[in-house]
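Structure first, commentary second.
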Amino acid sequence: MSDISFEYNVPVFAGAPDEGTEPTHRDTPQYESLDWETTKMGVQKAEELGFDAVWAPDHLLLGRDHAEYECWTLLSAIAGFTEDINLGSLVLCNDYRNPALVAKMAATLDVISDGRLELGLGAGWHEPEYDAYGWEYRDGFERLMRLDESIRLMKRMWAAGSDGASFDGKHYQIEDAYCVPGPVQDPHPPILVGGQGEEVTLKLVAKHADVWNTDVFNGDVETLEHKIGVIEDHCETVGRDPDEIEYSWDGHVICTRDEEKFDRLLDLMTPIQFEEEYQDQAPIVTEEDAREYFIMGTPEECAEAIERRIDAGVTKFQGWFIDFPDTGGMELFADEVIPQFN
């Protein structure tokens with residue numbers, strides 16, 4: 001088993017409600033207004049506390065007032081004011097950027113960060129962003145086939161180096177595309193793939209990914225065990241050693257000994273209505289429901305929730321600390337939870 005890593009999801013949007021209204025986003029229900037110094041402070045605190053990586057989502061208009069930082073620009077800025085912590089996209093939407101350009105962008109960021117990039121990729125799902133920014137929203141299977149080609153194209157560019165790469169796919173074509181300088185990491189930065197469809201997405205994970213990201217709504221132990229089993233079956237089909245793939249849990253964290261604070265944060269976060277693609281799952285409404293999916297409670301309760309997911313096969317934990325911009329939760333987590341696993 002790989003070492004257990006604990007990682008920080010960067011608040012790239014504010015989610016606190018206007019007075020008398022519901023929170024505009026469950027990931028940041030106390031963050032009142034997007035502010036660069038506040039977001040930057042959270043990243044610096046995560047590095048100071050010893051978190052292993054920071055991850056930024058790739059959306060463009062979530063949260064309060066539709067204000068949100070663009071993922072790749074943000075990661076590039078973070079590379080400049082951090083020294084040790086890894087940098088990841090959770091996950092980069094394949095349709096928002098040409099994959100040949102992403103290969104070049106990833107190589108450059110890996111160089112300037114001295115090998116700290118983890119490249120998270122996904123097929124895309126948020127149709128309102130496609131509509132707003134003028135991208136074509138294709139059906140799910142085609143989006144996944146485009147992602148499959150993109151990953152193969154990027155790997156070819158990284159491998160070709162100074163020879164240049166050509167690729168003639170159904171969706172993407174390049175000719176003598178150079179990626180020099182190449183990535184620091186050999187053969188390339190680790191590729192994380194997010195998504196949950198069992199027939200296509202998880203087979204794509206088995207073919208290409210170094211890490212599978214659960215996304216928030218696969219966070220309960222029963223679902224994790226099932227999805228990991230599906231990936232392992234796909235590995236057998238495609239002829240890959242399943243031990244080559246890590247599994248990451250992505251979700252909400254409430255770490256506190258203050259019962260009043262816990263109840264207040266839980267009320268802000270719930271109920272959570274699943275997106276359309278999860279329509280068969282019931283909303284997360286009660287504390288019991290939330291505890292099934294998330295890491296919540298005292299440090300001892302958080303450690304127990306982590307241990308159950310480690311037993312299921314998870315080695316990377318990517319957390320949204322719900323009390324942000326209060327850093328008390330992440331400080332308590334770093335002081336009393338992380339040391340139990342390192």
Please determine, by comparing only the residues of region 50-73 that are out of contact with any helix residue (DSSP H, G or I) (no Cβ under 8 Å at 6 or more places or on another chain) and of a type in the set (A, V, I, L, M, F, W, C), which one is surrounded by the fewest Cβ atoms within 10 Å (Cβ to Cβ).
A67
Can you tell me which of (1) of a type in the set (G, A, S); (2) closer than 18 Å to Y130 by Cα; (3) touching a Leu at 6+ places or on another chain (Cβ under 6 Å) is the one A106 doesn't meet?
(2)
Exclusive hit being open to solvent by 10 Å² or more (accessible area, probe 1.4 Å), under 25 Å from H25 (Cβ atoms) and modelled with pLDDT of 95 or more, set Y130, Y172, Y137, Y178:
Y137
Tally up the residues in region 216-268 that are of a type in the set (S, T, Y), open to solvent by less than 20 Å² (accessible area, probe 1.4 Å) and more than 19 Å from the chain's Cα centre (by Cα), please.
1
Looking at D326, is it on the phi < 0 side of the Ramachandran plot and either part of a loop (DSSP other than H, G, I, E, B) or open to solvent by less than 50 Å² (accessible area, probe 1.4 Å) (or both)?
yes
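So that you can scan it fast, the table gives a plain yes or no per residue for (1) in contact with a Leu (Cβ under 8 Å, 6 or more places away or on another chain); (2) among the charged types (D, E, K, R); (3) farther than 19 Å from G120 by Cα:
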site: Q30; (1), (2), (3): yes, no, yes
site: D35; (1), (2), (3): no, yes, yes
site: T38; (1), (2), (3): no, no, yes
site: M41; (1), (2), (3): no, no, yes
site: A46; (1), (2), (3): no, no, yes
site: L49; (1), (2), (3): no, no, yes
site: D52; (1), (2), (3): no, yes, no
site: P57; (1), (2), (3): yes, no, no
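So that you can scan it fast, the table gives a plain yes or no per residue for (1) part of a loop (DSSP other than H, G, I, E, B); (2) polar (S, T, N, Q); (3) at pLDDT 95 or above; (4) buried (at least 18 other Cβ atoms within 10 Å of the Cβ):
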| position | (1), (2), (3), (4) |
| --- | --- |
| A16 | yes, no, no, yes |
| E22 | yes, no, no, no |
| T38 | no, yes, yes, no |
| V43 | no, no, yes, yes |
| E48 | no, no, yes, no |
Is at least one residue of region 295-311 buried (at least 20 other Cβ atoms within 10 Å of the Cβ) and modelled with pLDDT under 95?
no
Residues (at negative phi and assigned to a strand (DSSP E or B)) located in region 297-323:
K316, F317, Q318, G319, W320, F321
Inter-residue pairs, beta-carbon under 7 Å, first over 23 Å from R116 (Cβ atoms) and in region 192-208, second of a type in the set (G, A, S) and modelled with pLDDT of 95 or more, 6+ apart:
G195/G122; G195/A123
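For every residue, the table says whether it meets (1) over 30 Å from P271 (Cβ atoms); (2) surrounded by 15 or more Cβ atoms within 10 Å (Cβ to Cβ).
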residue: F13; (1), (2): no, yes
residue: D35; (1), (2): no, no
residue: I78; (1), (2): yes, yes
residue: E83; (1), (2): yes, no
residue: C93; (1), (2): no, yes
Which of the residues belonging to region 307-328 are within 20 Å of V10 (Cα to Cα) and either within 20 Å of the chain's Cα centre (by Cα) or among the aromatic types (F, W, Y) (or both)?
T315, K316, F317, Q318, G319, W320, F321, I322, D323, F324, P325
Of everything in region 155-169 that's out of contact with any strand residue (DSSP E or B) (no Cβ under 8 Å at 6 or more places or on another chain) and modelled with pLDDT under 95, which residue is least open to solvent (accessible area, probe 1.4 Å)?
G161
Which numbered condition Q196 misses (of (1) closer than 30 Å to E225 by Cα; (2) within 21 Å of the chain's Cα centre (by Cα); (3) at pLDDT 95 or above)
(3)
Subset tally (residues that are assigned to a loop (DSSP other than H, G, I, E, B) and either under 12 Å from A103 (Cα atoms) or over 28 Å from the mean Cα position of the chain (by Cα) (or both)) for region 139-169
1
Which numbered condition in (1) at pLDDT below 95; (2) open to solvent by less than 40 Å² (accessible area, probe 1.4 Å); (3) hydroxyl-bearing (S, T, Y) is the only one that S5 fails?
(1)
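The values are calculated or read from the model by the stated rules, or taken from the named source; none is laboratory data. Small disclaimer: the values here were computed from a predicted structure and weren't measured. Note that we place each Cβ from the backbone using ideal geometry, even for glycine, and neighbour counts take in every protein chain shown. The protein model used for the area step is the full one, side chains on, heavy atoms only, and it has no ligands, DNA or RNA in it. Shrake-Rupley method; radii C 1.70, N 1.55, O 1.52, S 1.80 Å.
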